[in-house]
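Engineer: Structure below; questions to follow.
The values are calculated or read from the model by the stated rules, or taken from the named source; none is laboratory data. In this text, all values refer to a predicted model and were calculated from it rather than measured experimentally. Counting neighbours? That spans all protein chains shown, and the Cβs are built from the backbone with ideal geometry, glycine included. To get the accessible areas, we keep the full protein, side chains included, count just its heavy atoms, and leave off ligands, DNA and RNA. Shrake-Rupley method; radii C 1.70, N 1.55, O 1.52, S 1.80 Å.
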Amino acid sequence: MQYDLIVVGGGPAGMAAARAARDQGERVLLLDDNPGLGGQIWRGREDLRLEGVELGLGHTLTEWRGEAKRLILACGARELLLPFPGWTMPHVVGAGGLQALVKQGLAIQGKRVVVCGSGPLLLAVAANLRKAGAEVPRVAEQAPWEKLLTFGLGLWRWPSKIFEAVGYATSGYRAGLWPVEAWEGGVTLSDGSKINCDYVACGFGLVANGELARLLGCRMNGGLVAVDDWQRTSVEGVYAVGEMTGIGGVEKAEAEGRAAGARQRVTGNWGAFASALAKTFALREELRALATAETIVCRCEDVRWGRIATMGGKRQARLEARCGMGACQARICGPALEWMCGWGPENVRPPLFPLSVREFLRDRDEAGHPPTGHSL
Amino acid sequence: MVGGGIVGAACARQLEREGFHCVIVERDVMGSGATAAGMGHVVVMDDSEAQFALTRRSRDLWDAMELPDEVEFERCGTLWVAADEEELEAVRGKLAYYRERGVEAELLDARRLYEAERGLRAGMAGGFLVPGDSVIYAPCAAAWLGRGIERKKAEVLTLGDGWVELRGGERLEGDIVLCATGAWAAKLTPGLEVKPRKGHLAITDRYPGAIRHQLIELGYLKSAHGDSTESVAFNVQPRRTGQLLIGSSRQYGVEDGGVERHILERMLRRAVEYLPGLAAMQLIRVWAGFRAATPDKLPIIGLARNCSRTWLATGHEGLGITTCLGTAELLADLVMGRGTALRAADYAPGRFA
Amino acid sequence: MKIRVNGQEVEVQAGMSVAAVVMNLGLAARRSVTGEPRGPVCGMGVCFECRLWVDGEGPLRSCQMPVREGMEVVTDAV
Ligand SMILES: Cc1cc2nc3c(=O)[nH]c(=O)nc-3n(C[C@H](O)[C@H](O)[C@H](O)COP(=O)(O)OP(=O)(O)OC[C@H]3O[C@@H](n4cnc5c(N)ncnc54)[C@H](O)[C@@H]3O)c2cc1C
Ligand SMILES: Cc1cc2nc3c(=O)[nH]c(=O)nc-3n(C[C@H](O)[C@H](O)[C@H](O)COP(=O)(O)OP(=O)(O)OC[C@H]3O[C@@H](n4cnc5c(N)ncnc54)[C@H](O)[C@@H]3O)c2cc1C
Ligand code: FES
């Protein structure tokens, strides 16, 4: 099947891209590894529609073999999780992660949750958890008040963002505070306070899901995909939109998606907004030293910080200590070590996500689409 | 010592023992070339008398080593699988050959084959078991062999007799210079009969106990020792982690190190034909590497042409993890002007002339 | 709808993920390679901490897997 466009990722960015291209009469296929549309923010909403676009939901793109004229990457972001003592215990969950699990049916009513880490996401998560009946005694933001205030004041430049600022009045919100240790039934914060809770919802901001772009050979800029004003990457025919090109939220994602879908120049000063966000929530030095020698850094392979702290880089840590060699392929420890030690990213190889040998060998899925298997 | 793969590391270790002060010049991380890409099967092979002698001697040397835990040494044995009676019949000669030379081996009928490995597809004729073969984790083995030896991170651009020139112009001299740059050897020694031969591997998530031996189809011998431009064979290894490492493929004439789906697919289909349970296992990573292939499938060990101080240790094809120790021993004997346990002429650089 | 988790029948709502079901039961999804209990972290398919076995296949990410009538889930299998 020859498509004019394949969109990878069904969040706001990918949906906007698919819609815009469809409106121009293009034949579009949209893939998402999740069984539902909507991406991280709209997942679970029942009113999402994408008429006139072929959907391959529950399908992970693990490999690209070039069966479309254009490819738009809209793979979104994931949370940056930093190792600290106790972070591997089952009650410590990502902040956005816990929210996602609640959408999936996790019973949160009446549970006590400490939300901590960094970024505006913490506010959204705290609000949503409370709405779902959880008790949130503390929201701990590592960034200092001074920076938050400057950012909050600057929000007038992005009018529709103002409502987010209201969040700073969230009860239990503290700036300049971060987790230092999790223990069975609770967490200790940097001011020494020990809080009992059922879950610690902890994330230190977002990092782009850049693996597919790197596999395709797109030029990266820091951890982000480098694009021009038309959202074109350095690889002919490949575009990137949304959080992959800069962490800037849903409006940026949609604006970029629309532009790429319609082959137009993107409007809006999204780069400035993304960098204001990044500056405000820049991680403090103290967080680099949270892990002790005994703390597990690579969760898949249980590699402890003491084993790799003195190594020369990620490749050595990988080859000699199995750090990042497990199923997640360094998706979690990679960005953490990048931030903690400045170690650059490792090569990406297919399959982008693990899949069974049978799936790998299946050229066509039951419905007969060549691309909706796991490789294109 | 140019090249910090397992061969360079083993040779450096041996020469240090002879009293040399060695510096390993490696352009990347130690053990990051073929050594990081390979399977780590320590195996006796019988394509030729010389191959048998070198692999067997090397396996003895591995057995005699006291290896740290991270080298993941496991004596799991090799089980060569005979798909039909014809293959089983043909393997009888192999049995006699191994036994005459004092290497333990056994013929398994079909019943014993399935006792040994329940996961094999029904209908196989039998197997040839070599219980003394092992598996190691080569990157850690290379790091361990090279431990305590001075290292220099640099790329060698020119190789002379007793000297090398690095990128940036620096020149290093040595009483001995060793070129152990694996598949890249011909770059520094033009005319050397070493060609890169690409191989793919795939690794699964952890399935402890799924298989117990390194499993190889007898047809592998044709693939490894033949000269076709492209071949695959069933070759699956149990890692200590419980993972299954799936091989193997061989390609000449490909320079790009990227993963190629068509050959990977052939390789995996072959593996599933022998081990149906693989189909349901999760693949977590695939990669490719280059073997340093020579026309007679034997490594090149000895003084470089027209040199008195520059030596070669390359061309180990698909056996360098196994044969690095035998190579290092032979090299040290040659350097020291001693008699050698192996027939040095079989591996001499000048033999193709 | 009903599924089985470690041999026990469990009543679940359509649309739930297997990860959520397992967390609601207070179970760890898997054991780490050194034996620690681990549960879902990212909820979006990238951390692989929610891996478990379903209908004899695995380890699979349970946060990306909606419940299906009659499915057999096994946690804690290394
Ligand atoms: C965990 C998390 C929670 C968040 N919660 C909130 C919130 O509560 N409020 C808020 O305002 N913002 C939230 N955000 C920010 C929000 O994600 C962005 O503002 C917006 O959704 C970005 O849209 P996107 O389309 O770029 O990415 P996403 O919405 O993340 O969509 C990307 C999609 O691509 C899919 N995908 C990725 N790789 C592949 C592949 N190889 N094959 C197939 N599919 C693939 C992913 O599963 C995902 O569905 C959250 C972000 C994260 C990471
Ligand atoms: C897919 C595959 C499977 C294999 N399976 C097995 C197996 O099961 N058992 C077995 O025994 N063998 C196996 N092998 C073979 C084995 O991996 C190799 O024979 C062995 O690793 C060779 O080691 P080496 O040190 O010669 O080469 P390498 O490990 O390649 O080392 C050469 C080093 O030299 C460096 N270098 C190159 N040029 C320069 C320069 N100009 N300046 C500085 N440094 C330089 C490189 O960076 C590299 O690190 C396999 C190989 C492959 C590809
Ligand atoms: S919870 Fe992270 S992959 Fe499922």
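Engineer: Can you compute the helix-only [θ] at 222 nm over chain C? Use -39500 (n - 2.57) per DSSP H run of at least 4 residues, normalise by all residues, nearest 500 deg cm²/dmol.
Structural biologist: Computed ellipticity for chain C at 222 nm equals -2000 deg cm²/dmol.
Engineer: Please enumerate, by chain and number, the lysines with C-alpha under 27 Å from the C-alpha of A:Lys314, excluding those fewer than 8 residues away in the same chain.
Structural biologist: Correct list for A:Lys314: A:Lys279, B:Lys152, B:Lys153, B:Lys198.
Engineer: I would also like to ask the following. Please build a GNM for chain B, connecting alpha carbons under 10 Å apart, and tell me which residue among B:Leu312, B:Leu166, B:Leu192 fluctuates the most.
Structural biologist: Of B:Leu312, B:Leu166, B:Leu192, the Gaussian network model singles out B:Leu166 as fluctuating most.
Engineer: Using a 1.4 Å probe and counting only protein heavy atoms, arrange B:Glu66, B:Glu193, A:Glu359 so the residue with the most accessible area comes first.
Structural biologist: Final ranking, largest accessible area leading: B:Glu66, B:Glu193, A:Glu359.
Engineer: By how many nm would the segment from B:Glu49 to B:Ala96 lengthen if fully extended, with 0.36 nm per residue of separation less the alpha-carbon distance?
Structural biologist: 15.5 nm
Engineer: Taking a probe of 1.4 angstrom, what is the accessible area of A:Trp64 in Å², to the nearest 10?
Structural biologist: 60
Engineer: In addition: Taking a ≥ b ≥ c as the square roots of the Cα gyration tensor eigenvalues, with a/c under 1.5 meaning rounded and otherwise prolate when a/b beats b/c, else oblate, which class fits segment A:291-341?
Structural biologist: Here segment A:291-341 falls in the rounded category.
Engineer: Given the options C:Leu25, C:Leu60, C:Leu52, state which has the largest fluctuation in a GNM of chain C using a 10 Å cut-off (strictly under) for Cα springs.
Structural biologist: Greatest mean-square fluctuation among the candidates belongs to C:Leu25.
Engineer: I've got another one for you. Mind checking which lysines have their C-alpha under 22 Å from B:Lys94, skipping anything on the same chain fewer than 8 residues away?
Structural biologist: B:Lys94 reaches B:Lys222, B:Lys297.
Engineer: Sorting B:Tyr274, B:Tyr252 by accessible area (1.4 Å probe), largest first, what list results?
Structural biologist: Correct descending sequence by accessible area is B:Tyr252, B:Tyr274.
Engineer: For the protein assembly as shown, give me the percentage of DSSP beta bridges that are antiparallel, rounded to the nearest 5 percent.
Structural biologist: 60
Engineer: Report, by chain and number, residues whose modeled amide H sits under 5 Å from the one on B:Arg285, excluding near sequence neighbours (fewer than 5 apart, same chain).
Structural biologist: It is B:Ile203, by chain and number.
Engineer: Determine the gain in length on full extension of the stretch B:Asp63-B:Glu170; use 0.36 nm per residue of separation and subtract their C-alpha separation, reporting nm with one decimal.
Structural biologist: 34.5 nm is the gain from fully extending B:Asp63 to B:Glu170.
Engineer: Quick one: helix B:6-17 against the long Cα principal axis of chain B, what's the angle to the nearest 10°, folded into 0 to 90?
Structural biologist: Between the helix axis and the principal axis of chain B, the angle is about 50 degrees.
Engineer: D for chain A, whole µm²/s, Stokes-Einstein with Kirkwood Rh over alpha-carbon pairs at 4 °C and 1.567 mPa s: what number?
Structural biologist: 60
Engineer: Which value, in debye to the nearest 20, gives the size of the charge dipole of segment A:201-335 about its Cα centre, when Lys and Arg are +1 and Asp and Glu are -1 at the Cβ?
Structural biologist: Its charge dipole is roughly 260 debye.
Engineer: Once fully extended, how much extra length lies between A:Ser234 and A:Ala272, figured as 0.36 nm per residue of separation less the alpha-carbon to alpha-carbon distance?
Structural biologist: So the extension gain works out to 11.5 nm.
Engineer: Report the accessible area of B:Arg151, computed with a 1.4 Å probe over the heavy atoms of all protein chains in place, in Å² rounded to the nearest 10.
Structural biologist: B:Arg151 exposes around 110 Å² with every protein chain in place.
Engineer: Kindly provide the helix-only [θ] at 222 nm of chain A, computed as the sum of -39,500 (n - 2.57) over DSSP H runs of four or more divided by all residues, to the nearest 500 deg cm²/dmol?
Structural biologist: Computed mean residue ellipticity for chain A: -8000 deg cm²/dmol.
Engineer: Oh, and also: What figure in square angstrom, to the nearest 10, would you give for the accessible area of C:Arg4 with a 1.4 Å probe?
Structural biologist: 90
Engineer: In what sequence, largest accessible area first, do A:Trp183, B:Trp287 appear using a 1.4 Å probe?
Structural biologist: A:Trp183, B:Trp287
Engineer: Which lysines have a Cα lying under 27 Å from the Cα of C:Lys2, excluding residues fewer than 8 positions away in the same chain?
Structural biologist: Once the sequence-local lysines are set aside, what remains near C:Lys2 is A:Lys103, A:Lys111.
Engineer: Could you go through segment B:234-243 in sequence order and give the Karplus-derived ³J(HN,Hα) for each residue, using 6.51 cos²θ - 1.76 cosθ + 1.60 with θ = phi - 60°, rounded to whole Hz, and x for Gly and Pro?
Structural biologist: 6, 7, 10, 10, x, 8, 4, 5, x, 6
Engineer: Hey, another quick one. By how many degrees, between 0 and 90 and to the nearest 10, does the Cα long axis of helix B:49-64 differ from the longest principal axis of chain B?
Structural biologist: Once rounded, the angle reads 90 degrees.
Engineer: Under 1.5 on a/c is rounded, so check that first for chain B, then, if it is not, pick prolate when a/b is larger than b/c and oblate when it is not; a ≥ b ≥ c are the square roots of the alpha carbon gyration tensor eigenvalues.
Structural biologist: prolate
Engineer: Across all directions of projection, what mean area in square nanometres is found for the Cα convex hull of the protein assembly as shown?
Structural biologist: So the mean shadow area of the Cα hull is 35.6 nm².
Engineer: How many angstrom lie between the Cα centre of segment B:80-142 and the Cα centre of segment C:7-78?
Structural biologist: 39
Engineer: Using amide H atoms built 1.01 Å from N in the peptide plane, name the residues 5+ places from A:Val7, or on other chains, whose amide H lies under 5 Å from its own.
Structural biologist: Close amide H contacts, sequence-distant or interchain: A:Leu29, A:Leu30, A:Leu31, A:Ile72.
Engineer: Chain C: D in µm²/s via Stokes-Einstein (Kirkwood Rh, Cα pairs, 25 °C, 0.890 mPa s)?
Structural biologist: Diffusion coefficient, whole number: 203 µm²/s.
Engineer: Hey, can you grab everything whose amide H is under 5 Å from the amide H of B:Val42? Only 5+ residues off in sequence or another chain; H modelled, so Pro and N-termini drop out.
Structural biologist: For B:Val42, whose amide H was placed from the backbone, the distant partners under 5 Å are B:Ser134, B:Val135, B:Ile136.
Engineer: Solvent-accessible area per residue for chain B at a 1.4 Å probe radius, Å²?
Structural biologist: 38
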